[in-house]
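Peer 1: If you scroll down you'll find the structure; I have some questions about it.
The values are calculated or read from the model by the stated rules, or taken from the named source; none is laboratory data. Treat the numbers as computed from the prediction; the structure is a model and nothing was measured. Neighbour counts are summed over all protein chains in view; Cβ atoms, including those assigned to glycine, are modelled from backbone coordinates with ideal geometry. Just the protein is used for accessible areas: all its heavy atoms, side chains included, with ligands, DNA and RNA removed. Shrake-Rupley method; radii C 1.70, N 1.55, O 1.52, S 1.80 Å.
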Amino acid sequence: QVQLVESGGGLVQPGGSLRLSCAASRSTVSFNTMGWYRQAPGKERELVASIFRGGTTNYADSVKGRFTISRDNGKNTVYLQMNSLKPEDTAVYYCNAILSRYYWGQGTQVTVSS
């Protein structure tokens with residue numbers, strides 16, 4: 001059974017930074033893809049960033065240049081560094097992993113507000 005546990009969410013002012021972590025119960029490179037999605041109230045869940053097994057990354061246009069996805073294979077952890085945060089980044093952020101099926105973490109709240 002795959003488990004994904006997110007941490008690092010919280011309240012931050014506009015322009016601030018946060019780093020989210022996703023600890024996986026197995027090696028991060030064992031998955032085809034790992035990524036971060038987010039869901040704001042009243043909106044559909046959307047892809048924020050993903051990292052493929054070979055290391056290629058992909059970002060939503062809305063976060064390009066501000067967010068960076070990375071992984072530490074030794075710690076089985078994927079990170080999302082979020083800089084220059086905006087109020088519209090407020091959402092529940094979910095870690096995702098793909099290996100024959102989708103796996104999800106429980107989500108972590110990120111609130112950007114003054």
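Peer 1: For the range 63-83, give me each residue that is among the small types (Gly, Ala, Ser) and either part of a strand (DSSP E or B) or surrounded by 14 or more Cβ atoms within 10 Å (Cβ to Cβ) (or both).
Peer 2: Matches in the range 63-83: Ser70 only.
Peer 1: Please specify each residue of the range 25-70 satisfying the condition of being farther than 15 Å from Tyr93 by Cα, among the charged types (D, E, K, R) and in contact with a Phe, Trp or Tyr (Cβ under 8 Å, 6 or more places away or on another chain).
Peer 2: Selection gives Arg53 alone.
Residues checked against (1) crowded, with 20+ Cβ neighbours inside 10 Å; (2) out of contact with any strand residue (DSSP E or B) (no Cβ under 7 Å at 6 or more places or on another chain); (3) outside any strand (DSSP E or B):
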residue: Glu6; (1), (2), (3): yes, no, no
residue: Ser21; (1), (2), (3): no, no, no
residue: Glu44; (1), (2), (3): no, yes, yes
residue: Gly55; (1), (2), (3): no, yes, yes
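Peer 1: For the range 8-19, enumerate the residues that are open to solvent by less than 60 Å² (accessible area, probe 1.4 Å) and part of a strand (DSSP E or B).
Peer 2: Gly10, Val12, Leu18 - these are the residues of the range 8-19 that are open to solvent by less than 60 Å² (accessible area, probe 1.4 Å) and part of a strand (DSSP E or B).
Peer 1: Can I ask one more? Restricting to the range 96-114, what's the tally of residues that are surrounded by 14 or more Cβ atoms within 10 Å (Cβ to Cβ) and without any contact (Cβ under 8 Å) to a residue 12 or more places away in the chain?
Peer 2: 0
Peer 1: Ok, one more. Sort out which residues of the range 48-65 are out of contact with any Asp or Glu (no Cβ under 8 Å at 6 or more places or on another chain) and within 20 Å of Ser7 (Cβ to Cβ), and write them in order of number.
Peer 2: Scanning the range 48-65 gives Val48, Ala49, Ser50, Ile51.
Peer 1: While we're here: Here are the criteria: (1) buried (at least 18 other Cβ atoms within 10 Å of the Cβ); (2) in a loop (DSSP other than H, G, I, E, B); (3) of a type in the set (Ser, Thr, Tyr). Tell me which single one Tyr93 does not satisfy.
Peer 2: The failed condition is (2).
Peer 1: Take the residues in the range 79-114 that are among the charged types (D, E, K, R) and within 18 Å of Glu44 (Cβ to Cβ); name whichever of them is farthest from the chain's Cα centre (by Cα).
Peer 2: Among residues in the range 79-114 that are among the charged types (D, E, K, R) and within 18 Å of Glu44 (Cβ to Cβ), the one farthest from the chain's Cα centre (by Cα) is Glu88.
Peer 1: Give me the residue from the range 23-42 that is among the hydrophobic types (A, V, I, L, M, F, W, C), touching a strand residue (DSSP E or B) at 6+ places or on another chain (Cβ under 7 Å) and closer than 20 Å to Tyr103 by Cβ and, out of that set, most open to solvent (accessible area, probe 1.4 Å).
Peer 2: The selected residue is Ala23.
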